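Shown next, in structure tokens, is the structure this report addresses.
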Amino acid sequence: MYWVWLLGRVLEGWLGRVRFLGLYLVSALGGAVMEYVLAPDQPAIGASGAVFGLTGAYVVMARRIRHDPLDSGRLLGGSLVWLVVSAGFTSWQGHLGGLLAGAAVGAVLALAPNRSPRGRSAVQAAGTVGVALVLVAAVALKTSDLLMNTPWS
């Protein structure tokens, strides 16, 4: 919760509530999807993938706007060290999936063209939904693969 509070204050200030919520939810989905795709028979629960997603988004956005109050390099380095060190007792797949999904949504939010506020918002919304759809497609493909390779009795 500390990381949600720390990163959330900055990111929600930059993005507003709706974009921040979209980022958090897609990051959580990214963590769950990566866990499902890489380790489908390993149970996992938690929101740590979403927290890693906030980290990924923060790094991308801080570099884009050239304002880095939390030192993105140290933040990312610490997150990657924790990902490796904790791999034996946490879901490294979920953490990695959240980090990648958050970075993707962060890139969409940070790199959307700034022609008009309405157009920028539409591009950001479409890009965030696009990342979510890619994740849903990954679940569909993995489920199909599992069903095709399951011996039925």
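The values are calculated or read from the model by the stated rules, or taken from the named source; none is laboratory data. Since this is a predicted model, take the numbers as computed values, not measurements. Glycine also receives a Cβ, built like all others from the backbone with ideal geometry; neighbour counts cover every protein chain displayed. Just so you know, the surface numbers come from the protein's heavy atoms only, side chains and all, with ligands and any DNA or RNA stripped out. Shrake-Rupley method; radii C 1.70, N 1.55, O 1.52, S 1.80 Å.
Applying the criteria of a DSSP loop state and at most 13 other Cβ atoms within 10 Å to the trypsin sites (Lys or Arg not before Pro) of the stretch 1-103 yields ARG66.
For a Förster distance of 22 Å, can you work out the FRET efficiency between the beta-carbons of LEU6 and HIS67, rounded to the nearest 0.05?
It comes to 0.90.
With +1 on the Cβ of every Lys and Arg and -1 on the Cβ of every Asp and Glu, and nothing else charged, how large is the dipole of the stretch 1-150 about its Cα centre, in debye rounded to the nearest 20?
So the dipole magnitude of the stretch 1-150 works out to roughly 740 debye.
Counting only Cβ charges, +1 for Lys and Arg and -1 for Asp and Glu, the dipole size of the stretch 63-153 around its Cα centre is about 460 debye. In a fully extended conformation the segment linking VAL134 and THR90 would gain 13.4 nm over its present Cα-Cα distance, using 0.36 nm per residue. The calculated pair-distance distribution of the stretch 41-98 uses every alpha carbon pair, bins of 5 angstrom beginning at 0, and gives 4, 19, 27, 21, 14, 8, 4, 2, 0 percent. Think of the chain as a dipole: +1 on every Lys or Arg Cβ, -1 on every Asp or Glu Cβ, centred on the Cα centre; then among THR150, GLY13, GLY98, GLY13 lies furthest on the positive end. Note on the chain: with neighbouring protein chains present and a 1.4 Å probe, carbon and sulfur make up 67 percent of its accessible heavy-atom surface.
Would you kindly state how much longer the chain becomes between SER116 and VAL81 on full extension, computed as 0.36 nm times their sequence separation minus their alpha carbon distance, in nm to one decimal?
8.6 nm
Our helix-only sum for the chain, with -39,500 (n - 2.57) per DSSP H run of n ≥ 4 divided by its residues, gives a mean residue ellipticity at 222 nm of -27000 deg cm²/dmol.
Just so you know, the Rg over Rh for the chain is 1.02, from Cα atoms, with Rh as the Kirkwood radius.
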